[in-house]
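Participant: Pasting a structure below so you can have a look.
Nothing in this text is a laboratory measurement; each read-out follows from the coordinates by a stated rule. Remember, it's a predicted structure, so these values are computed and weren't measured experimentally. For neighbour counting, all protein chains shown are included, and Cβ atoms are generated from backbone atoms with ideal geometry for every residue, glycine included.
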Amino acid sequence: MAEILRPDLSEFDLNTYQDRKAAFEKIFSVRAAEGETPVGDIQMLQPIFVDYTEEEVLTLKFNIFDWQVSNIGYIQAGFLVAMVDCAYGPMSDVCSDLKSAGTIDFNTYFLRPITKEDEEVTVVVKLTTNTRRIMHFKAELLNSKGKTALEMNINVMKR
């Protein structure tokens with residue numbers, strides 16, 4: 001069985017806004033050690049924590065890397081979806097007191113391309129519904145000019 005890559009969050013009371021924000025700062029600071037191969041999407045894509053609000057909105061930034069660029073000059077769609085996953089995945093875990101069980105489904109709407117010239121993108125994810133068994137998120141990926149390039153609706157199951 002694969003090792004769980006989530007950092008130890010036992011020091012946090014995930015029912016409080018302040019501790020959730022601190023947990024996100026810890027999660028998104030994890031990087032592969034010099035010379036080691038990155039493991040998982042967070043180490044590979046290297047999100048930069050920007051903010052988490054009391055309204056349950058998480059904001060991350062991602063630099064664009066050459067290896068993400070397709071042969072026609074666009075960032076491949078799968079990498080853009082993975083950037084959003086880097087945000088809503090940990091958010092579903094933290095906002096469910098570590099009881100998320102996995103993604104049920106997501107709908108993705110690609111509205112404009114991201115190119116290497118964008119240099120960085122911003123992902124904003126809002127938790128809109130949090131019931132006993134289901135969480136629903138709305139996400140946007142913004143280009144470097146702040147224009148929406150991708151929208152997603154995501155449903156996550158809780159155990």
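Participant: Would you pull out the residues with amide H under 5 Å of residue 149's amide H, same chain only if 5 or more places away, H placed 1.01 Å from N?
Facilitator: 141, 142, 143
Participant: Further, regarding this structure: Under a 10 Å cutoff between Cα atoms, tell me which one of 137, 65, 28 has the largest fluctuation in the Gaussian network model of the chain.
Facilitator: Result for the chain, Cα springs under 10 Å: 65 fluctuates most.
Participant: Sum up the lysine pairs in region 1-128 that clear both bars: alpha-carbon distance under 22 Å and a spacing of 8 or more or different chains.
Facilitator: Close lysine pairs under the 22 Å cut-off: 9.
Participant: I need the Debye-formula profile for region 85-159: one equal scatterer per C-alpha, no solvent, reported as log10 I(q)/I(0) at q = 0.13, 0.28 1/Å, two decimals.
Facilitator: Taking Cα atoms of region 85-159 as identical point scatterers yields -0.40, -1.22.
Participant: Could you derive backbone 3J(HN,Hα) for region 133-140 from the dihedral phi with the Karplus parameters 6.51, -1.76 and 1.60 (θ = phi - 60°), listing whole Hz in sequence and x where the residue is Gly or Pro?
Facilitator: 10, 10, 10, 10, 10, 10, 10, 10
Participant: Also, quick follow-up: Just checking my list (1) 1, 9, 17, 20, 18, 13, 9, 6, 4, 2, 1, 0, 0; (2) 2, 9, 19, 21, 21, 15, 9, 4, 1, 0; (3) 2, 8, 14, 17, 13, 11, 8, 6, 5, 4, 3, 3, 3, 2, 2, 1, 1, 0, 0 against P(r) over Cα pairs in 5 Å bins from 0, in percent computed from this structure; which label fits?
Facilitator: Step by step, P(r) over Cα pairs in 5 Å bins from 0, in percent for this structure corresponds to label (2).
Participant: Straight-line reach from residue 145: which aspartates and glutamates have Cα under 17 Å away, leaving out those fewer than 8 places along the same chain?
Facilitator: Partners within reach: 117, 118, 119, 120.
Participant: Still on this model: Return the loop-located GluC sites (Glu not before Pro) in region 27-134 (DSSP other than H, G, I, E, B) with at most 15 other Cβ atoms within 10 Å of their own Cβ; answer none if there are none.
Facilitator: 34, 36, 54, 55, 119
Participant: Take the chain, connect every pair of alpha-carbon atoms lying under 10 Å apart with a spring to form a Gaussian network, then pick out the residue of 50, 39, 124 with the largest mean-square fluctuation.
Facilitator: Most flexible of the set in this elastic network: 39.
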